[in-house]
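Enquirer: A single structure is presented below for examination.
The values are calculated or read from the model by the stated rules, or taken from the named source; none is laboratory data. Remember, predicted model here, so these are calculated numbers, not experimental data. Cβ placement follows ideal geometry from the backbone for every residue including glycine, while neighbour counts extend to all protein chains displayed.
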Amino acid sequence: MTIVKLNDKISEKTAVALGIFDGIHCGHRLIIENACNKGLVPSVFTFRTESVKFKHGKPFEYIYTNSQKLHFLDKAGIKYVLSPDFDDIKNMTGKEFAEKILSGIMNAGSVICGDNFRFGKDASCGTDELKVFGEKYGFSVDVIKLKENDFSSEKFRAMLRNGEVSRKNPYILYGEVVHGNEIGRTINFPTINQNYADGQLVLKYGVYFTVTEIDGMCYPSITNVGIKPTIKGKRSPLAETHILDFSGNLYGRNIEVEFNKFIRPEMKFSSVVELKEQISRDISAVRSIIKD
């Protein structure tokens, strides 16, 4: 995948999916898949996730960091991505955005967006204006209208805050495996640790049945999201994953952990021994889920 800059120009004719795409949920995937099926070069215009501070007048709590989002767009088959900081183009009029960004840089032959897409300074333009600009600058516009029960970013955020995860609408944590306090190793349950970024939505604290992908192989795993209240000290939220039936050094590697089912809330135990006993029960629960 090629990251496009504001002074570049794509030579190939593209189909451009438009959106912040901070969650790559079902609704986002409909738009992205549409761009991939146009017979043109699939591309995305988005904003660098961390540069968006507010959305709909509220502080913006993003689901995936920009690097995570780019990873998922690459896996989806997108060839070009233009993802500037929001401040770099926030003062562009709708006409300037269509002419300079979509037609000029992206070389769009087709543009795809959701029915609530807004653009131009102060979000002054919507899909009707986009179609008018498309006629002027030579690109078609497809507006994806989501059904009432389809996903929206706000719905997805609410579900994640409640720990509602499933294979149908997966939440995947992708990030570097970092060193932790290695308590898990001392009780024979080694874990890989992945941090959350400042401003990123953190899944409901608790224990989850997860699946971890390593070198194309998928391993059942169990993941605790939270602040490890049993261990003394103050810390930021992180995800700790114990991978069943796997041994190996994953430090420094970027790993995907897919969350499939909430098992229980995070708990504070009176001792490390009690924690170890509960982890054993959690693993038994995961093995039962696998059998079913």
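Enquirer: May I ask you to list pairs of residues, at least six apart or on different chains, whose Cβ atoms are under 8 Å apart, with the first in the stretch 45-74 being under 26 Å from VAL257 (Cα atoms) and the second being among the aromatic types (Phe, Trp, Tyr) and part of a helix (DSSP H, G or I)?
Expert: From the stretch 45-74, the pairs are PHE47/PHE86; ARG48/PHE86; SER51/PHE86; VAL52/PHE86; ILE63/PHE156; TYR64/PHE72.
Enquirer: Another question, if that's okay. Check the stretch 224-239 and report whether any residue there is at pLDDT 90 or above and among the basic types (Lys, Arg).
Expert: No, because not a single residue in the stretch 224-239 is at pLDDT 90 or above and among the basic types (Lys, Arg).
Enquirer: State the number of residues belonging to the stretch 282-292 that are surrounded by 12 or more Cβ atoms within 10 Å (Cβ to Cβ) and not small (Gly, Ala, Ser).
Expert: 5
Enquirer: Can you tell me how many residues in the stretch 247-278 are within 21 Å of CYS218 (Cβ to Cβ) and modelled with pLDDT under 90?
Expert: Total meeting the criteria: 3.
Enquirer: Sticking with this structure for a sec: Restricting to the stretch 100-132, give me the number of residues that are among the charged types (D, E, K, R), at pLDDT 95 or above and either under 17 Å from SER43 (Cα atoms) or in contact with a Cys (Cβ under 8 Å, 6 or more places away or on another chain) (or both).
Expert: Number satisfying all stated conditions: 1.
Enquirer: Taking the stretch 236-264, which residues are exposed (fewer than 13 other Cβ atoms within 10 Å of the Cβ) and either without any contact (Cβ under 8 Å) to a residue 12 or more places away in the chain or hydroxyl-bearing (Ser, Thr, Tyr) (or both)? Break it down stepwise before answering.
Expert: To start, the set of residues in the stretch 236-264 that are exposed (fewer than 13 other Cβ atoms within 10 Å of the Cβ) comprises 236, 245, 247-249, 251-252.
Hits for the stretch 236-264 are SER236, SER247, ASN249, TYR251.
Enquirer: May I pose another question? When you go through (1) assigned by TED's automatic domain parsing to the domain that holds ALA17; (2) within 19 Å of the chain's Cα centre (by Cα); (3) surrounded by fewer than 20 Cβ atoms within 10 Å (Cβ to Cβ) one by one for LYS168, which number turns out not to apply?
Expert: The one condition LYS168 does not meet is (1).
Enquirer: Taking the stretch 125-173, which residues are part of a loop (DSSP other than H, G, I, E, B) and aliphatic (A, V, I, L, M)? Full working, then the answer.
Expert: If we filter the stretch 125-173 for residues that are part of a loop (DSSP other than H, G, I, E, B), which is where we start, we get 126, 138-139, 145-152, 162-170.
LEU146, VAL165 - these are the residues of the stretch 125-173 that are part of a loop (DSSP other than H, G, I, E, B) and aliphatic (A, V, I, L, M).
Enquirer: Being without any contact (Cβ under 8 Å) to a residue 12 or more places away in the chain and under 21 Å from ASP88 (Cα atoms) is the filter; apply it to the stretch 104-162 and report the residue that is surrounded by the fewest Cβ atoms within 10 Å (Cβ to Cβ).
Expert: ASP122
Enquirer: Is it the case that some residue within the stretch 1-15 is modelled with pLDDT of 95 or more and under 28 Å from VAL165 (Cα atoms)?
Expert: There is no residue in the stretch 1-15 that is modelled with pLDDT of 95 or more and under 28 Å from VAL165 (Cα atoms).
Enquirer: Consider the stretch 190-209. How many of its residues are touching a residue at least 60 places away in the same chain (Cβ under 8 Å) and under 15 Å from SER221 (Cβ atoms)?
Expert: Number of matching residues: 5.
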